[in-house]
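Quick note: the coordinates plus some simple rules give every number you see, no bench work behind them. Values in this document were obtained by computation on a predicted structure and should not be read as measured data. No Cβ is skipped: glycine too gets one built from the backbone with ideal geometry, and neighbour counts run over all protein chains shown.
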Amino acid sequence: MYLAINIQELAQPVVNDTKRVPWVLKFLYFLKGRLVTRYNKHLTTFYVALEGAINHVDEVSIEKSRTILEETKGIIVSVENAAAYLAKSNYLDSAEVKKNIQYTLKCLYIFESKLHVQVYKSAPIVPIDKDLKEGISRMNKANFNELLSN
């Protein structure tokens, strides 16, 4: 029996696929570059709008501030999740993306704090009995002393 091996025929698919790799990589780098550019553009637009909104929070009614505050909390969670996800991929290998995400989060936190002030500045302060305050402080003092003695 004669065993014939045509090495050229066996290796041809590997060689052909290897020739395609540089083209595929160039295409993927091109897509990644466009993604980074677009993402940075959206982040920049978002934090510039936030910076403008921060200056006008005081002009918004309390009811509207409450709804915006709830929406802002949801957006903060979303941006934090996106930042954590992008951190796994080294922020798409872009220092600018990392910087923009961090600055966007900073602006969101400032916006949220201003909304908190706006919403809760007119909230009524509930007076607490002096006896209740003293009782709580005695309990805390006793618990604190007990923790220190252990």
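Can you tell me the relative contact order of the chain? Whole percent, Cα pairs under 8 Å, sequence separation 6 or more.
Values: 56 pairs, mean separation 46.9, N = 150.
Worked out over the chain, it gives 31 percent.
Among VAL77, GLN12, SER122, whose Cα projects farthest towards the positive end of the dipole of the chain, with charges put on the beta-carbon of Lys, Arg (+1) and Asp, Glu (-1)?
GLN12
Checking the a/c ratio against 1.5 first, then a/b against b/c, what shape does the Cα gyration tensor give for the chain?
On the way: a/c = 5.06, a/b = 2.15, b/c = 2.36.
Oblate, since a/c reaches 1.5 and b/c is not below a/b.
Based on the mean of other beta carbon atoms within 10 Å per residue, what is the order of 19-30, 80-91, most packed first? Before the final figure, lay out each step's value.
Details: 19-30: 9.6, 80-91: 12.1.
So the peptides 19-30, 80-91, ranked by packing, come out 80-91, 19-30.
Highest mean first, how do 116-125, 41-50 rank when packing is the count of other Cβ atoms within 10 Å averaged over residues?
Working: 116-125: 11.2, 41-50: 14.1.
The most tightly packed comes first, giving 41-50, 116-125.
In nm, give the distance between the simple-model label positions of ALA123 and ALA83, each being 7 Å from the Cα along the Cα-to-Cβ direction.
2.4
Which peptide among 66-77, 138-149 comes first, and what is the full order, when sorted by highest mean count of other Cβ atoms within 10 Å? List each step's numbers first, then the result.
Working: 66-77: 14.4, 138-149: 9.1.
Result, highest mean Cβ count within 10 Å first: 66-77, 138-149.
Filter the DSSP H helices in the chain by two things, a Kyte-Doolittle mean of at least -1.0 and an axial alpha-carbon span of 30 angstrom or more, and list the hits by number. Mind showing how you got there, number by number?
On the way: long enough: 7-54 (70 Å, 0.13); 62-88 (39 Å, 0.10); 95-120 (38 Å, -0.06).
Once both thresholds are applied, what remains is 7-54, 62-88, 95-120.
Extending each Cα 7 Å along its Cβ direction at LEU132 and PHE27, get the distance between those two points in nm, one decimal.
For the pair LEU132/PHE27, the computed spacing is 6.9 nm.
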